[in-house]
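Following: one structure in structure tokens, then a few remarks.
The values are calculated or read from the model by the stated rules, or taken from the named source; none is laboratory data. Fair warning: this is a prediction, and the values are worked out from it, not measured in the lab. No Cβ is skipped: glycine too gets one built from the backbone with ideal geometry, and neighbour counts run over all protein chains shown. The area values use the complete protein model at the heavy-atom level, side chains included, leaving out ligands, DNA and RNA. Shrake-Rupley method; radii C 1.70, N 1.55, O 1.52, S 1.80 Å.
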Amino acid sequence: MTSDNHQSGADGWGTVQVILGGMVAEVAAIAEAVTSSIRSAQPVYAIVPESEHRSAVELQVLNRLHALSEERGLSSAEFGTATDLAAERAARGVPIDALIAAYQVADAEIWRILVERSGPAITSLLPRIGTLMFESIRETTTAIAGAHSRVARAIDGDRIHLAHQFLECLVDPEQQSAASVIASRLRLDPVGEFVGLVWLPASEVTEASAHRSVLTLPPHLAADVVSRTVAGGQLEMITQAERLPQLVIRDSGKGPLAGRWGIGLPRAGLTGASQSLGDARLAFNCTSSTRPVRAFADDWHEAVLLAERGRIAALLAAAVQVAQSNPHLAETVLAFAAGGMSIAAAAHAIHLHANSVTYRLDRWSRLTGLEARSFEGLSHSVVACRLAGVDYLPTELAEIPPPRPADATPAAPPSGCP
């Protein structure tokens, strides 16, 4: 939009040009303030060198001031500068929402100074200036969003392809040199520490995603993760950042990270990366609805045993059948194990009288032939319960009442005790 009025200044536009000219003279200071504000509000801009960022902001402000002074939108050359910058920011990993927010900070500062310096002579022109700025912002936002999207899609596509190559080479001993090269292209340190993860996203997560890939993850986490989809719909991942494993454990597989998770042990080097992914697969295989997040570091014994369930099932067939037919007995066995073989802790955890726990453990032992109050019998019993599909989620134990005095007469088992 161009007007002839600004040339004559008959309607006060000359005064607007004077104010804008003064801002041009102060552009370095304006750019300094805007850059500082952006970097404070958008921490992701830390990946852009500050001097480079400040120069880009200064050019953006200058282009906007010149366009306003001439009562027009941005020229094709000025649009080109904006779209080139958007493409560069996408390549650096600055998300589009942060980029647009950064542009808005500069425009807001230009408007603030203009209003602050306007007097009665140009007050009536502020709506016209505002319309010019709004139209220019709208056009700029559309242009930079398009440029950013094109580059981001290309990068995502290339990263997904490289991720598949990396994970395939990782498990092939003859492809370790190729895996090292691809790791470097993915900005991973081939000799650094890796953590493997396996995730089966919950339905509400996948419904919000176009497809199951690393893009299913929240954007602030996806950049640190190499991922591929495998049979069964799980995502297998490798990361060198601590954020994702920490968040999964903290949130217990809920919210945007809802679903079942297996987390491997941190291991060094490419061989360690492959081993950690193997850890994660084993841990994932012992997840359940009550315990959707399992870490190999904590649950390795159960994970390794359940991985050989086909061999073990024949040894514990009778106990597995008892557990399936009597889930209340199996739950008591698991609570007793989780409570450190303490009757009182188990009773407190599953809200039973201690005598009821004792009765159930004795009944389990009679039915299965496994003495639940011995280490060997209890370890076999726990495996049998898990093979039967029975799980138990340990709760935080509150204060456990002190034991009865040694000479106290134990109470009789409650009538009708199961």
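Report, by residue number, each residue of the range 318-370 that is of a type in the set (V, I, T) and farther than 18 Å from V383 by Cα.
Residues satisfying the conditions are I343, I350, V357, T358.
Among the residues in the range 104-119, are any of a type in the set (S, T, N, Q) and modelled with pLDDT under 90?
yes
Quick test of your reading of the structure: H351 fulfils all but one of (1) of a type outside the set (D, E, K, R); (2) exposed (fewer than 14 other Cβ atoms within 10 Å of the Cβ); (3) touching an Asp or Glu at 6+ places or on another chain (Cβ under 7 Å). Name the failing condition by number.
Tallying (1) of a type outside the set (D, E, K, R); (2) exposed (fewer than 14 other Cβ atoms within 10 Å of the Cβ); (3) touching an Asp or Glu at 6+ places or on another chain (Cβ under 7 Å), H351 fails exactly one: (3).
Tell me which residues, restricted to the range 122-146, are open to solvent by less than 20 Å² (accessible area, probe 1.4 Å), part of a helix (DSSP H, G or I) and modelled with pLDDT of 85 or more.
I129, L132, M133, S136, T140, I144
How many residues does the range 70-89 contain that are without any contact (Cβ under 8 Å) to a residue 60 or more places away in the chain and surrounded by 18 or more Cβ atoms within 10 Å (Cβ to Cβ)?
Adding up the residues that qualify gives 3.
Suppose the filter is of a type outside the set (V, I, T), within 28 Å of D299 (Cβ to Cβ) and modelled with pLDDT of 90 or more; does A338 pass it?
no
Of all residues in the range 177-210, count the ones that are in contact with a Leu (Cβ under 8 Å, 6 or more places away or on another chain), modelled with pLDDT under 85, open to solvent by less than 90 Å² (accessible area, probe 1.4 Å) and not β-branched (V, I, T).
Count: 2.
Among the residues of the range 279-301, what is the count of those that are open to solvent by 20 Å² or more (accessible area, probe 1.4 Å) and either farther than 19 Å from F194 by Cα or acidic (D, E) (or both)?
8
Any idea which of E371, E376, E308 is within 32 Å of the chain's Cα centre (by Cα), free of Cβ contacts under 8 Å to residues at least 60 places away in the same chain, over 27 Å from D251 (Cβ atoms) and open to solvent by 60 Å² or more (accessible area, probe 1.4 Å)?
Step by step, each of E371, E376, E308 is checked, and only E308 is within 32 Å of the chain's Cα centre (by Cα), free of Cβ contacts under 8 Å to residues at least 60 places away in the same chain, over 27 Å from D251 (Cβ atoms) and open to solvent by 60 Å² or more (accessible area, probe 1.4 Å).
Give all pairs with beta carbons closer than 8 Å in which a residue from the range 329-344 that is without any contact (Cβ under 8 Å) to a residue 60 or more places away in the chain meets a residue that is open to solvent by less than 10 Å² (accessible area, probe 1.4 Å) and not in a helix (DSSP H, G or I); count only pairs at least 6 apart in sequence or on separate chains.
V333/A372; F336/A372
Could you say whether any residue in the range 14-33 is farther than 20 Å from T142 by Cα and modelled with pLDDT under 85?
No, because not a single residue in the range 14-33 is farther than 20 Å from T142 by Cα and modelled with pLDDT under 85.
Given the conditions (1) modelled with pLDDT under 90; (2) surrounded by fewer than 19 Cβ atoms within 10 Å (Cβ to Cβ); (3) within 22 Å of Q17 (Cβ to Cβ), and given that L59 satisfies all but one, which numbered condition is not satisfied?
Here L59 meets the rest and fails (1).
Being small (G, A, S) and open to solvent by less than 30 Å² (accessible area, probe 1.4 Å) is the filter here; which residues of the range 238-254 pass it?
Within the range 238-254, A241, G253 qualify.
Is it fair to say L257 is touching a helix residue (DSSP H, G or I) at 6+ places or on another chain (Cβ under 7 Å), open to solvent by less than 10 Å² (accessible area, probe 1.4 Å) and within 21 Å of H161 (Cα to Cα)?
Here the answer is no, as L257 does not meet what is asked.
Pick from the range 95-116 the residues that are more than 12 Å from V34 (Cα to Cα) and among the acidic types (D, E): which of them is surrounded by the fewest Cβ atoms within 10 Å (Cβ to Cβ)?
Within the range 95-116, the match that is surrounded by the fewest Cβ atoms within 10 Å (Cβ to Cβ) is E116.
Could you identify the single residue in R373, R363 that is among the basic types (K, R), modelled with pLDDT of 95 or more and out of contact with any Asp or Glu (no Cβ under 7 Å at 6 or more places or on another chain)?
R363
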